[in-house]
Amino acid sequence: MSDKANKKPRLWLRLLLVMLLVALIAGALGFIKYRQIQELILQSSVPKAPVKVEAAQVKTRKWPRRLKAIGSLKSLQGVELSSEVGGVVRKINFRSGQKVKAGEILLELNDELELAQIKTARARLSAAQRRHRRTKKLKGKKYVSEFELDEVISALNVARAELASAEASLAKRSITAPFAGILGIKNVDKGDYISPGVNIVSLQSIDKLYLDFTLPEQFYHEVKKGQTVWFKVKSDPDKTFSGKVSVWDPILHDTTRNLNVRAIVDNAASQLAPGMFAQIVLETDIQTEVMAVPETAIFYNIYGESVYVLAKDKDNAKSQETYILESRQVKVLYRKDGMAGITKGLHSKDMVVTSGQLKLYPGLDVAIANNVH
């Protein structure tokens, strides 16, 4: 009995010790957590240092108005060569894609009949000329009448006309280049019979090209001869070509009310070809006032193009060197040489953030890290 009585107090003592140990551990953990919470509260009560950003002053500039349009390139001179008469191809003097000079003979048809006709016409003319000389001598001696002399002169004129007609027929048996240019793909071969009007080959003068495009009616008075036209083509999208306005229609299109404009483009390097589609910008004399900022100041969000503007705190609670970020939507007119011209959304005295916009947000306290110019 005594052993059982001694064991019970020892069991309760052990339980008490365990409970005290648990209480001490829980109290220690609670104290540590309390200290951590107090530190967080203390840290949150201390104001954060403003984020350093690079900024630039908005500048006012004048920019010529640029009108956008679409157009196409055309040959300054272009023709589909064909024959006025039918015949068998006797000789071809060109290759597809060859450059030719004006007057160069490109193709010849069989001309035996025409050559024979010329010989006959020359013989008749020679006989008519001899008869005319004899008749004139006899007329001087009063052996022939005036009527007979008129008949001889008429026969001489007919013979001359027959020779000219035969020579013209012979000339039609040869196809020559009407101007200098580059040939397309030939559509005939030696020995082919071609009918009148059948396309033999195209000839295009491409050293200079026409650039035809249209503009809306409201820009009629802004188009002037000699204005610069900038354009790009899909075959070389990274390069910008230029031309000069040469002429435009004095009347508008009946249906669209658009103005047809034509510019001339220098193509000595043969980088352009007739038929190419062009995206055009026409620079006019009208000046537009823009707010110029570094192009890096512009970023994109779901609403379009935006900039961060440095604004002062209205209640003046912050220092003079601290600003609040304000996001503004802008309308960009142009981008050139690292600068962007903005027509809407900024004022001349604004300062904009020029880098690191992805880490920023509206309402953030910032300070300028560079010297603003």
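Tabulated results
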| quantity | calculated |
| --- | --- |
| Taking Trp230, Trp12 and counting other C-beta atoms within 10 Å, the order from fewest to most | Trp12, Trp230 |
| Ranked list, fewest to most other Cβ atoms within 10 Å of each Cβ, for His132, His253, His221 | His221, His253, His132 |
| Dipole axis of the chain (+1 Lys, Arg; -1 Asp, Glu on Cβ), positive-most option in Val309, Ala55, Met19 | Met19 |
| Set of aspartates and glutamates with alpha-carbon distance to Lys74 below 15 Å, sequence-local pairs under 8 removed | Asp207, Asp212, Asp266 |
| Cα gyration tensor shape for the stretch 167-293, rounded if a/c is under 1.5, else prolate or oblate | prolate |
| Among Thr354, Ala102, Ala273 the positive-end extreme of the charge dipole of the chain (Cβ point charges) | Thr354 |
| The stretch 180-275: trypsin sites (Lys or Arg not before Pro) in DSSP loop, at most 15 other beta carbons within 10 Å | Lys190, Lys224, Lys225, Lys234, Lys239, Arg257 |
| Distance between the stretch 207-270 and the stretch 48-105 - C-alpha centres, whole angstrom | 11 |
| Pair Lys137, Glu222: separation of 7 Å Cα→Cβ label points (nm) | 8.4 |
| The chain - percent relative contact order, Cα under 8 Å, separation 6 or more | 25 |
| Debye equation applied to the C-alpha atoms of the chain, log10 I(q)/I(0) at 0.15 Å⁻¹ | -1.24 |
| Helical contribution to [θ] at 222 nm, DSSP H n ≥ 4, -39,500 (n - 2.57), averaged over the chain, rounded to 500 | -9500 deg cm²/dmol |
| Two-decimal log10 I(q)/I(0) for the stretch 239-373, as the Debye equation yields it once each C-alpha is a single scatterer, q = 0.09, 0.22 Å⁻¹ | -0.48, -1.34 |
| Rounded to 5, percent antiparallel among DSSP beta bridges of the chain | 95 |
| Theoretical FRET efficiency, 1/(1+(r/R0)^6), r = Cβ-Cβ of Leu364 and Asn187, R0 56 Å, to 0.05 | 0.20 |
| For the stretch 111-172, the fraction of alpha-carbon pairs in successive 10 Å shells from zero, as % | 25, 38, 23, 12, 2 |
| Exposure proxy order (Cβ contacts within 10 Å, fewest to most) of Phe94, Phe299 | Phe299, Phe94 |
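Readers should treat all values here as calculations from the given coordinates under stated rules, not as data from a laboratory. Every value quoted in this text rests on a predicted model; they were computed, and no experiment measured them. Quick reminder, even Gly has a Cβ in these numbers, built from the backbone with ideal geometry, and neighbours come from all protein chains shown.
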